[in-house]
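Working notes, beginning with the structure itself.
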Amino acid sequence: MDFKRLEKNLCDNIYEAQLKLGYDKREMSFNYMSASLKHLIGSDVNEEVLLAFADETEKRLGRLTFRPIKNGFCITIPAEGTEYVHNSSDDRSFMENLVSAVKGHCSTEPLLELFRSASPDVVIKEINNEEFRYLAYFPDSVPDEYYYCISEEEEIDGSIHGSYHRFIREDYEEFGF
């Protein structure tokens, strides 16, 4: 069984949370729906599969723990795992720039420009549904393989603030936005 994609997704989620909340050398927990886990590893997921994942990643992330939640599992990464991600040398400048832009309460256009500057092959589509205005993704998975749904929210002062939600491709497609 190949756990590389799940490990990368988990590390990406840890890093994004650290950018948003700060790094404080603590454990972190993430809820994963069973459908998302199945997409990430290519098979149904149960506690036995998750224990095999924990065995495979223990040297890097420490001993992961799991607990069932409605329609999925909560995965807890110990402090040594969050430290590993914090100290990782992967180039995550795109995510750093994106989180920084959203923290700065920028409008949607600077967010879209950030995607355009990250890759000439970016796809940006106006979807204008009830939740999101744009979809942005990189077909060649550079700088990453996620699908970003970008929305606009009005601030108290009337200005427009851009925000995003990040999905793996399969989850985005299943949601049917």
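Observations
- The stretch 97-145, residues that are within 17 Å of the chain's Cα centre (by Cα) and among the β-branched types (Val, Ile, Thr): 99, 102, 142
- Residue 102 satisfies every condition listed in (1) farther than 26 Å from residue 11 by Cα; (2) buried (at least 18 other Cβ atoms within 10 Å of the Cβ) except (1).
- Among the residues listed as 20, 38, 4, the single one being without any contact (Cβ under 8 Å) to a residue 12 or more places away in the chain and either closer than 30 Å to residue 104 by Cβ or touching an Asp or Glu at 6+ places or on another chain (Cβ under 7 Å) (or both): 38
- Between 107, 117, 159, 89, the distinction of being modelled with pLDDT of 95 or more and among the polar types (S, T, N, Q) belongs to 117 only.
- Of the residues examined, residue 53 is one that is surrounded by 13 or more Cβ atoms within 10 Å (Cβ to Cβ), among the aromatic types (Phe, Trp, Tyr) and either in contact with a Lys or Arg (Cβ under 6 Å, 6 or more places away or on another chain) or assigned to a helix (DSSP H, G or I) (or both).
- Number of positions in the stretch 11-35 that are part of a helix (DSSP H, G or I), over 18 Å from residue 48 (Cβ atoms) and not basic (Lys, Arg): 11
- The selection criterion, being under 30 Å from residue 159 (Cβ atoms), in contact with a helix residue (DSSP H, G or I) (Cβ under 8 Å, 6 or more places away or on another chain) and outside any strand (DSSP E or B), holds for residue 97.
- Filtering the stretch 118-177 to residues that are part of a loop (DSSP other than H, G, I, E, B) and aliphatic (A, V, I, L, M) leaves 122, 127, 142, 156, 168.
- Residue in the stretch 69-77 that is outside any strand (DSSP E or B) and either within 18 Å of the chain's Cα centre (by Cα) or surrounded by 17 or more Cβ atoms within 10 Å (Cβ to Cβ) (or both) present: no
- When each of 125, 59 is tested for being surrounded by fewer than 12 Cβ atoms within 10 Å (Cβ to Cβ), modelled with pLDDT of 95 or more and in the same structural domain as residue 23 (by TED's automatic domain parsing), the lone residue that passes is 59.
- Residue in the stretch 113-122 that is surrounded by the fewest Cβ atoms within 10 Å (Cβ to Cβ), counting only those that are out of contact with any strand residue (DSSP E or B) (no Cβ under 8 Å at 6 or more places or on another chain) and of a type outside the set (Asp, Glu): 120
- Applying the criterion of being of a type in the set (S, T, N, Q) and touching a strand residue (DSSP E or B) at 6+ places or on another chain (Cβ under 7 Å) to the residues of the stretch 1-48, the residue that is surrounded by the fewest Cβ atoms within 10 Å (Cβ to Cβ) is 29.
The values are calculated or read from the model by the stated rules, or taken from the named source; none is laboratory data. Fair warning: this is a prediction, and the values are worked out from it, not measured in the lab. When we count neighbours, we look across all protein chains shown, and the Cβ atoms used for this are built from the backbone with ideal geometry, even at glycine.
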